[in-house]
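Q: Have a look at the structure that comes next, please.
What follows is calculated from the coordinates using simple rules that are stated; it is not laboratory data. If you're wondering where the values come from, they're calculated on a predicted model, not measured in any experiment. Every residue, glycine among them, receives a Cβ derived from its backbone with ideal geometry; neighbour counts consider all protein chains shown.
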Amino acid sequence: MDGLTGVRRYFRKDLVPLLADLRLAIVLLLAIAVFSVSGTVIEQGQSLSYYQTNYPEEPALFGFLSWKVLLTLGLDHVYRTWWFLSLLILFGASLTACTFTRQITALRWFSRTWNFYSKPRQFEKMALSTELSQGSLDQLTPLLEQRRYRIFRRDDSLYAHKGLVGRIGPIVVHASMLLILLGAMWGAMTGFFAQEMVPSGQTFQIRNIFDAGPWAAAQIPKDWSVHVNRFWIDYTPEGRIEQFYSDLSVLDRQGEEVKRKTIWVNQPLRYGRVTLYQADWAVAAVRVRINNSPTFQLPMAELEAQGGRLWGTWVPTKPDLSAGVSLVARDLQGTLLVYGQTGELISTVRAGMATEVNGVNLIVEDLIGSTGLQIKADPGIPLVYTGFGLLMVGVMMSYVSHSQVWALQVGERLYVGGRTNRAQVSFEREFVGILDRLTDDTDESLKLTPREDVPAVVD
């Protein structure tokens, strides 16, 4: 029992005050901000070859940041490293400790101040206090009600307050930040990112996952798939890409359509907890005929090129594959360049047209595009959004001044005092205005005593 008592004493006397220290919270918040920025600057979830190419050992970035250092520290997946999650947990513990040791304690103190003052000397401890030789509680009550004070009376004592939400606001702010932290950690542990490049007309399930939390398996959909009905690109009159679109259908296990939507950049498709974003595009294949042959489809691969993206394929022009031409496309507008076996440009052709090459008639029927989809699941987003909403509400609540007024009738004399947690000047003006009305605009018996040695309570 002595050991358990010692642990409780250490937790209550040493650990909790340390966690509730504002300086610790500021240091933790700055550390979280710095590492969050690093996770934005350094590309997350890329392949090993990507980091070896962009973060070589010689010369290392800033003299020390090579791909080995980056992977060792987990900077390729910052938001899921043990040390980043530990920072979030420690910051959450600091917020919780501060909430219970300061905010809720202050609220409990406020509940005790509802005790009515019964001795004149109690008014000397207030930021504003006065002693009046005229006036009564019955005259003071309607003046306070006009200014939206809530009034409580007991015998010859009065207590009034307004702006209680200003005391609750900081607690709401802390609770909202805890919700945001919880949502961020839950999303990091259970969310995933995937990328798919899918040609028009094909159906796919989410497979190409490049970043996932340790508990993400349950979030990866296995009971539905997505069919790409059509992919197309709108071009400007100058030939530049204006926007690209994907017409997608979500299919259940039986292949029945349960949702359909056309997506484009910044207009995703959401189904369940998964969101599909339009992120990229490519030329997937070309459909051609040689003379009167049946139509056949050839895949096109992206070529290494400077100054733009190119896709190409090889088309045989003889049955024994001893001769052929190369088709190169820059986009889906339909114009293809035809190159001979020695690399010379021999012709150009558009989709739906024909050209003669190597003694045969080459007909290009169509270019087929692929849609590049970025797929994301983050179960923590509802908590994060709820937290941000509460944060805004809590901040607005915190700006409301909590003003309190006490009064005590002792014979013919009336003692009045008050304080507020912010907007001290405005409260003083309101307080003086109430007393002016109370004394019926006569100042002879009014002795308002602002006490400089008693500071206003400011949160």
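Q: Output wanted: per-residue J couplings in Hz (rounded whole) for segment 402-413, from phi through Karplus 6.51 cos²θ - 1.76 cosθ + 1.60, θ = phi - 60°, x for Gly and Pro.
A: 9, 10, 10, 9, 10, 8, 9, 9, 10, x, 8, 9
Q: What FRET efficiency comes out for Glu344 versus Arg270 if R0 is 35 angstrom and r is the Cβ-Cβ distance? Round to the nearest 0.05.
A: 0.10
Q: Note the full-extension length gain between Thr262 and Asn292 as 0.36 nm times their separation in residues minus their Cα-Cα distance, in nm to one decimal.
A: 7.1 nm
Q: When the convex hull of the Cα atoms of segment 282-352 is projected onto a plane and the area is averaged over all directions, what value comes out in nm²? Walk me through the numbers before you get to the answer.
A: Details: hull surface 20.5 nm².
Average of the hull's projected areas for segment 282-352 equals 5.1 nm².
Q: Under 18 Å from a label point 7 Å along Cα→Cβ of Val410: give me every residue in segment 139-160 with its amide N that close.
A: Residues 154-159 qualify, since their backbone N sits under 18 Å from the label point.
Q: Can you show me the helix-derived [θ] at 222 nm for the chain, built from DSSP H runs with n ≥ 4 at -39,500 (n - 2.57) apiece and divided by the number of residues, rounded to the nearest 500.
A: Computed ellipticity for the chain at 222 nm equals -10000 deg cm²/dmol.
Q: I want to verify the translational diffusion coefficient of the chain in µm²/s; compute it with Stokes-Einstein, Rh as the Kirkwood radius over Cα pairs, at 4 °C and 1.567 mPa s.
A: It diffuses with D of about 44 µm²/s by this estimate.
Q: Grab the other residues whose beta carbon is less than 14 angstrom from that of Gln202, score K and R as +1, D and E as -1, and report the net.
A: 0
Q: Same structure again: On the Cα set of segment 2-104, report Rg and Dmax in Å, please.
A: 19.0, 59
Q: Here's a follow-up. Kindly point out which whole DSSP H helices in the chain project their C-alpha atoms 27 angstrom or further along the helix axis while averaging a Kyte-Doolittle hydropathy of 0.5 or above.
A: 22-41, 165-190
Q: Over segment 175-290, what portion of Cα pair distances is larger than 18 Å, expressed as a whole percent? Could you put the intermediate results ahead of the total?
A: Details: 4030 of 6670 pairs.
The answer is 60 percent, as a whole percent.
Q: Subtract the Cα-Cα distance of Arg207 and Ala301 from 0.36 nm times their separation in residues, and report this length gain in nm to one decimal.
A: Gain on stretching Arg207 to Ala301: 31.8 nm.
Q: Label points 7 Å out from Cα along the Cβ direction at Arg150 and Thr386: separation in nm?
A: Label at Arg150, label at Thr386, 2.6 nm between them.
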